[in-house]
């Protein structure tokens, strides 16, 4: 790639502008951060205050107690929160977000067998999508006017397996719609497939795409996906193989074509480790992934022309088993939950290099899980 080309210069200027806009809008503002905890003595969703001017995170306080909280997401307008209850049996919970970050349970829908691992809200804001890991299926719920879970509009049981000992059956791990809201993508760890459905935003129904899936190499174990802001590239984290996979996305056909795969672990690291979370920074210049075992965060630069990844940094997560992470609304800070380390750690983000630098001392919280900012 020619770093002196006018095209690269223009893209660099645009990226800097996007970051400056988000930073200016949210400068010196305090945000509320929801953090799930599976602390057996106080299990539920906590809320902490985050100062974007200083990077200071307060001690989390319980917002609402709930059983086996794992992943959760906010509605498009930030007025509701939807959560996976991962136990057996598990299910999906809907909460109203009230003044001061308080949460009020609206309703709960029980799942078959072990509960879901990932929930999302479609682009229209009318449906909740649920990937059920233990059951190996996906489902869609319509939303009532008050934000509660209404009718189940789709249910698809996956069938299949792959080569690893943990891939004896389907394990649907991630489920979201694409930027056009016309397709639903599922990362199925057990089948080594990214399954693609056509999504009808008028009815909430799913139908198989043609082709219905993209197969990855045996033993990869696709866990989560992340769309690049340009909508042309999709990156997937392979939990079992500890790799990041890069795909080209055809938004008209709903197809993925893999063009790269890079290791997330350091050369020579031989201890047990599984990859977990993945995200692309808002300006599209850098990708972040976490390793549970090596207990690290890795940062990759994204080539603005090809989408290819180049390793830029590997840094300790400041705790054990970094399961989830997120950026604050200004994109100047990076927050990671160390599930077995019993803390939530804050890093500053270098806007030019993407590098992470530890900020302050990690905030104690037993068994932290998902982290989501209320914007």
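As a summary of the residue check, residue 336 satisfies the conditions (1) in contact with a helix residue (DSSP H, G or I) (Cβ under 8 Å, 6 or more places away or on another chain); (2) crowded, with 19+ Cβ neighbours inside 10 Å except for the one numbered (1).
Got a sec? Which of 251, 279, 266 is within 15 Å of the chain's Cα centre (by Cα) and surrounded by fewer than 21 Cβ atoms within 10 Å (Cβ to Cβ)?
Details: 251 fails: within 15 Å of the chain's Cα centre (by Cα); 266 fails: within 15 Å of the chain's Cα centre (by Cα).
The conditions single out 279.
Considering the conditions (1) within 13 Å of residue 329 (Cβ to Cβ); (2) at pLDDT 95 or above, residue 25 is excluded by exactly one of them, (2). Among the residues of the range 262-280, not a single one is over 29 Å from residue 163 (Cα atoms), touching a residue at least 12 places away in the same chain (Cβ under 8 Å) and assigned to a loop (DSSP other than H, G, I, E, B).
Can you confirm whether residue 215 is surrounded by fewer than 23 Cβ atoms within 10 Å (Cβ to Cβ), within 14 Å of residue 255 (Cβ to Cβ) and more than 15 Å from the chain's Cα centre (by Cα)? In short, yes. Scanning the range 69-93 for residues that are surrounded by fewer than 20 Cβ atoms within 10 Å (Cβ to Cβ) and closer than 16 Å to residue 110 by Cα yields 87, 88, 89.
Which of the residues that make up the range 211-235 are at positive phi and in contact with a strand residue (DSSP E or B) (Cβ under 6 Å, 6 or more places away or on another chain)?
First pass over the range 211-235, keeping only residues at positive phi: 219, 221, 231.
Answer for the range 211-235, where residues must be at positive phi and in contact with a strand residue (DSSP E or B) (Cβ under 6 Å, 6 or more places away or on another chain): just 221.
Among the conditions (1) buried (at least 21 other Cβ atoms within 10 Å of the Cβ); (2) in contact (Cβ under 8 Å) with a residue 40 or more places away in the chain, the only one that residue 182 does not satisfy is (1). Anything in the range 156-179 that is loosely packed, with under 14 Cβ neighbours inside 10 Å and under 28 Å from residue 251 (Cα atoms)? List them, or say none. Within the range 156-179, 157, 159 qualify. All of (1) closer than 16 Å to residue 243 by Cβ; (2) more than 13 Å from the chain's Cα centre (by Cα) hold for residue 303 with one exception: (1).
Selection of first residues in the range 235-249 that are in contact (Cβ under 8 Å) with a residue 40 or more places away in the chain and of second residues that are part of a loop (DSSP other than H, G, I, E, B) and buried (at least 24 other Cβ atoms within 10 Å of the Cβ), restricted to Cβ pairs under 7 Å at least 6 apart or on distinct chains, gives the following pairs, ordered by first then second residue: 239/189; 239/221; 240/220; 240/221; 242/264; 244/264. Checking each residue in the range 109-138 for being surrounded by 16 or more Cβ atoms within 10 Å (Cβ to Cβ), free of Cβ contacts under 8 Å to residues at least 40 places away in the same chain and part of a strand (DSSP E or B) picks out only 137.
The values are calculated or read from the model by the stated rules, or taken from the named source; none is laboratory data. Here the structure is a predicted model, which means the values were calculated and not measured. Cβ coordinates were reconstructed from backbone atoms using ideal geometry, including for glycine residues, and neighbour counts include every protein chain displayed.
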